[in-house]
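The structure appears right after this line, and notes come after that.
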Amino acid sequence: MTERIYSTDAYARAMEATIVGSDTDDGRILLDRTVFYPGGGGQPHDLGVLRLGDDVLEVVRVTQDGDGVWHWLEGSLPAVGTEVTGDIDWDRRYRLMRTHTALHALCGVVWNRFQSPVTGGNMQPGEGRLDFDIPDWKADDLPVVERELNEELARQRQVEVSFLPRDAADEDPSLIRTKVNLLPKGIQEVRVIDIVGLDRQADGGTHVGGTGEVGRISIPKAENKGRGFRRIRVRLDDEE
Ligand SMILES: [Zn+2]
């Protein structure tokens, strides 16, 4: 299995690693450790490069399976046993970390106001969306939610990462509302992201260490998808 450096240190942007597996049909290699996030939970996989001496190999896709984290490369693959260094596209990743943290903060604000759980979501660097079941949403709720979200972010709340045994996670009320009970049964340890005092969820993605790093957020729209289903879009204000 690959050591997932991003899981405990979201700020690690480079690593040294050894190639421990290779799949020439798909053009991908397995590393013993990595800073490349393989995607999941609405957060896209990282991009970046691997280096062997003077050679620079573009990582065009990252995926995971039971063997570990696969790095998809263009061109011929270096041999198993080769040592490489890797660098992620940090500007892109950091914008994803800020966007992802903003979406969690939005979950907390919507929960506190409407007690509505999130039902889905997705993001790109700098913008994302979450779906909620909010039957009593009114048009003038949008600026209120936007203001409350920015107030919460400006409180400089800590964002903490921890790991809980599955049994404890299944009985934690703040995690149950984010549907921890829907995680595959085989998962024995649950990674938890806690925006202290605002939102706690089971999550595999990468986030910033404090809400002050997110900056200001706009909510350009909240679409009505029928039957109380609201799709709320957020955007980092410093995009473009
Ligand atoms: Zn998340």
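The values are calculated or read from the model by the stated rules, or taken from the named source; none is laboratory data. The model shown is predicted, which means the values in this text are computed figures rather than measured ones. Cβ coordinates were reconstructed from backbone atoms using ideal geometry, including for glycine residues, and neighbour counts include every protein chain displayed.
For the range 201-223, give me the residue count where each residue is modelled with pLDDT under 95, part of a strand (DSSP E or B) and surrounded by 13 or more Cβ atoms within 10 Å (Cβ to Cβ).
3
Here's a check for you: in the range 49-82, which residue that is on the phi > 0 side of the Ramachandran plot and either in a strand (DSSP E or B) or modelled with pLDDT of 95 or more (or both) is surrounded by the fewest Cβ atoms within 10 Å (Cβ to Cβ)?
GLY81
What's the number of the only condition in (1) surrounded by 18 or more Cβ atoms within 10 Å (Cβ to Cβ); (2) touching a strand residue (DSSP E or B) at 6+ places or on another chain (Cβ under 8 Å) that SER174 fails to meet?
(1)
Looking at this structure, is ARG227 more than 30 Å from PHE163 (Cβ to Cβ) and either assigned to a strand (DSSP E or B) or away from the ligand (no atom under 16 Å from the Cβ) (or both)?
yes
Based on what the data block shows, is LEU57 in contact with a helix residue (DSSP H, G or I) (Cβ under 8 Å, 6 or more places away or on another chain) and away from the ligand (no atom under 16 Å from the Cβ)?
For LEU57, the condition - in contact with a helix residue (DSSP H, G or I) (Cβ under 8 Å, 6 or more places away or on another chain) and away from the ligand (no atom under 16 Å from the Cβ) - is not met.
I'd like to know if the range 137-152 contains one or more residues that are aromatic (Phe, Trp, Tyr) and surrounded by 14 or more Cβ atoms within 10 Å (Cβ to Cβ).
Yes, the range 137-152 contains a residue that is aromatic (Phe, Trp, Tyr) and surrounded by 14 or more Cβ atoms within 10 Å (Cβ to Cβ).
Keeping to the range 15-42, report how many residues are touching a residue at least 40 places away in the same chain (Cβ under 8 Å) and either surrounded by 14 or more Cβ atoms within 10 Å (Cβ to Cβ) or among the β-branched types (Val, Ile, Thr) (or both).
19
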